[in-house]
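The values are calculated or read from the model by the stated rules, or taken from the named source; none is laboratory data. Treat the numbers as computed from the prediction; the structure is a model and nothing was measured. Cβ atoms come from the backbone with ideal geometry, glycine included; neighbour counts cover every protein chain shown.
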Amino acid sequence: MWQRWMIVHKVVLQVVLPVLSRLPYRFSQWFLSVMGRLDLLVVPHQTSLYERAVADGARRLGCSWNVREVSRALARQTYRWRIRDLLLDDRPEAWVAAQFRVSGRDHLEAALAGGKGVVLLANHFGSHVLMTHWLFRNGYPLRWFGEKPRNISRYLTQQFATDGELGQAELFVSRKAGTAELASSIYHASRVLRAGMILKVACDVRWQDAKAVTATFLGHTESFSTTWVTMAAMTGAAVLPAFCRMGEDGTFDLEFLPSFQVPTEARRDGQAADWVRRGLGVLESQVRSYPEQSNDYFFWESSGDHEKRPPELKAPHSPKRQSTMAVR
Amino acid sequence: MGEAKLLEEIANAIRAEVERTKNVIITADSRLVEDLDLDSIDIVAVTIRLEDRFHVTIDVQKVKELRYVSDLMDQMTNLLGKSAA
């Protein structure tokens with residue numbers, strides 16, 4: 001039901017966004033929060049859907065949130081986090097900069113100074129796309145590793161329009177990609193890191209492959225990707241957890257935490273799991289403190305229902321050349 | 001470097017990165033995925049190990065084309081030939 005409701009959100013936003021983008025920013029953000037609140041008032045059972053989800057989250061985490069308050073705050077955020085950075089197009093540079101409060105920038109600088117690249121350990125919490133926006137605006141050498149984000153600003157679309165060895169194009173991955181295609185993307189990602197750049201990778205990607213690990217997040221046991229762990233271990237890049245929360249007034253709190261290293265041996269069987277759990281643990285702390293920024297985490301369906309990645313595709317066999325050489 | 005020696009180096013790189021291939025016969029015709037059961041990360045790890053071993057850099061566009069052990073051999077042969085020239 002949540003997935004269907006998100007489709008309705010998309011349609012509604014397609015109608016209102018062209019108008020909102022021409023209006024004063026604060027008004028547009030307020031309007032979006034009102035739309036979110038109206039969902040609860042107008043749509044049958046929506047209030048109970050939100051309250052059940054928040055109450056369930058509180059129970060699983062052992063938190064004593066005010067369920068009613070958190071539900072309403074979450075609803076107010078729902079349209080706002082979906083519009084990502086779309087309302088920042090065509091606004092003055094200085095004005096955009098003033099919308100961000102940044103903490104831990106010294107951690108970011110220290111991680112970059114290590115010279116081995118930075119795995120920006122991101123997530124789907126709060127206004128996660130906005131950390132990308134801020135990093136580009138401030139001239140940081142950033143690439144995004146993951147599914148290509150949709151519904152983003154023209155500014156971000158332009159930043160992503162880079163080709164070549166260190167370009168963005170090869171770093172967008174699809175869940176339907178075959179082994180060779182995925183290998184190419186991961187190899188590109190390793191090149192980006194070895195060039196000392198920042199690679200944004202989400203730590204909360206549910207995934208099914210031979211290297212995925214089972215972990216508990218927000219009280220749910222799911223299978224998660226270990227790609228960020230592997231890339232950090234292979235390249236020696238610093239891992240920098242980062243979070244971006246949206247305030248009620250449409251401003252953003254961007255927080256960089258101290259970076260850490262993943263040892264080379266973390267790639268060995270079974271060891272990546274601890275690092276995945278560490279990353280998820282840091283994210284879970286944020287959800288505990290700011291449940292209204294949890295977006296759709298409380299609405300995750302069980303692992304039996306969510307989109308699973310098909311097995312890595314294998315090409316049909318055709319012998320390349322005859323060879324008598326073999327190595328045991 | 002002779003073909004046999006290069007195959008040995010590549011096989012060693014595969015075995016170093018992918019423990020389950022330790023007792024698998026590796027030939028130039030071995031398919032990386034279907035025969036050696038390498039996944040995308042394994043392929044990248046082997047590629048990087050070979051780059052470090054031979055001090056070469058593989059063309060990023062070529063990684064997508066790696067299907068057989070012989071593809072890795074061809075890449076290394078080309079790159080080693082260029083670096084010797």
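Condition test on residue A:120, is it surrounded by 13 or more Cβ atoms within 10 Å (Cβ to Cβ) and touching a Ser or Thr at 6+ places or on another chain (Cβ under 6 Å)?
Numbers: surrounded by 13 or more Cβ atoms within 10 Å (Cβ to Cβ): yes; touching a Ser or Thr at 6+ places or on another chain (Cβ under 6 Å): no.
It is false that residue A:120 is surrounded by 13 or more Cβ atoms within 10 Å (Cβ to Cβ) and touching a Ser or Thr at 6+ places or on another chain (Cβ under 6 Å).
What is the one condition in (1) touching an Asp or Glu at 6+ places or on another chain (Cβ under 8 Å); (2) of a type in the set (Lys, Arg); (3) not in a strand (DSSP E or B) that residue A:101 does not satisfy?
(3)
Kindly list the number of the only condition in (1) within 11 Å of chain A (Cβ to nearest Cβ); (2) in contact with a helix residue (DSSP H, G or I) (Cβ under 9 Å, 6 or more places away or on another chain); (3) within 20 Å of residue A:178 (Cα to Cα) that fails for residue B:15.
(3)
Which of the residues belonging to segment A:136-172 are of a type in the set (A, V, I, L, M, F, W, C), in a loop (DSSP other than H, G, I, E, B) and either surrounded by fewer than 18 Cβ atoms within 10 Å (Cβ to Cβ) or within 13 Å of chain B (Cβ to nearest Cβ) (or both)? Walk me through it before giving the result.
Taking segment A:136-172 and keeping what is of a type in the set (A, V, I, L, M, F, W, C), we get A:136, A:142, A:144-145, A:152, A:156, A:160-161, A:166, A:169, A:171-172.
From what's left, in a loop (DSSP other than H, G, I, E, B): A:152, A:160-161, A:166.
Hits for segment A:136-172 are A:161, A:166.
If you take the residues of segment A:173-195 that are in a loop (DSSP other than H, G, I, E, B) and within 14 Å of residue A:144 (Cα to Cα), which of them is nearest to the other protein chains (Cβ to nearest Cβ)?
Across segment A:173-195, the extreme among qualifying residues is A:173.
Taking the condition modelled with pLDDT under 95, in contact with a Phe, Trp or Tyr (Cβ under 9 Å, 6 or more places away or on another chain) and of a type in the set (Phe, Trp, Tyr), does residue A:207 pass?
yes
Taking into account only those residues within segment A:230-256 that are surrounded by fewer than 20 Cβ atoms within 10 Å (Cβ to Cβ) and assigned to a loop (DSSP other than H, G, I, E, B), which is nearest to the other protein chains (Cβ to nearest Cβ)?
Top of the filtered list is A:236.
Return yes when residue A:38 is over 25 Å from the mean Cα position of the chain (by Cα) and part of a helix (DSSP H, G or I) and no when it is not.
Considered against the rule, which asks whether it is over 25 Å from the mean Cα position of the chain (by Cα) and part of a helix (DSSP H, G or I), residue A:38 comes out as yes.
Could you pull out the residue among B:38, B:7 that is aliphatic (A, V, I, L, M) and either more than 9 Å from the chain's Cα centre (by Cα) or more than 8 Å from every other protein chain (Cβ to nearest Cβ) (or both)? Break it down into steps so the answer makes sense when it comes.
Working: B:7 fails: either more than 9 Å from the chain's Cα centre (by Cα) or more than 8 Å from every other protein chain (Cβ to nearest Cβ) (or both).
The conditions single out B:38.
Which one of these is in the same structural domain as residue A:255 (by TED's automatic domain parsing), more than 30 Å from residue A:298 (Cβ to Cβ) and crowded, with 16+ Cβ neighbours inside 10 Å: A:110, A:177?
Values: A:177 fails: more than 30 Å from residue A:298 (Cβ to Cβ).
Answer to the check: A:110.
Those residues that are of a type in the set (Ser, Thr, Tyr) and at pLDDT below 95, I need them from segment B:1-46; list them, please.
B:21, B:40, listed by residue number.
Residue B:23 fails exactly one of the following numbered conditions: (1) at the interface with chain A (Cβ under 9 Å from one of its Cβ atoms); (2) outside any loop (DSSP other than H, G, I, E, B); (3) over 24 Å from residue A:177 (Cα atoms). What is the number of that condition?
So the condition that residue B:23 fails would be (2).
Restricting to segment B:41-52, what's the tally of residues that are of a type in the set (D, E, K, R), under 14 Å from residue B:15 (Cα atoms) and either within 7 Å of another protein chain (Cβ to nearest Cβ) or more than 10 Å from the chain's Cα centre (by Cα) (or both)?
The initial filter retains those residues of segment B:41-52 that are of a type in the set (D, E, K, R), namely B:42, B:49, B:51-52.
From what is left, the residues that are under 14 Å from residue B:15 (Cα atoms) are B:42, B:49.
The next check asks that each one be either within 7 Å of another protein chain (Cβ to nearest Cβ) or more than 10 Å from the chain's Cα centre (by Cα) (or both); those that pass are B:42.
So the answer is 1.
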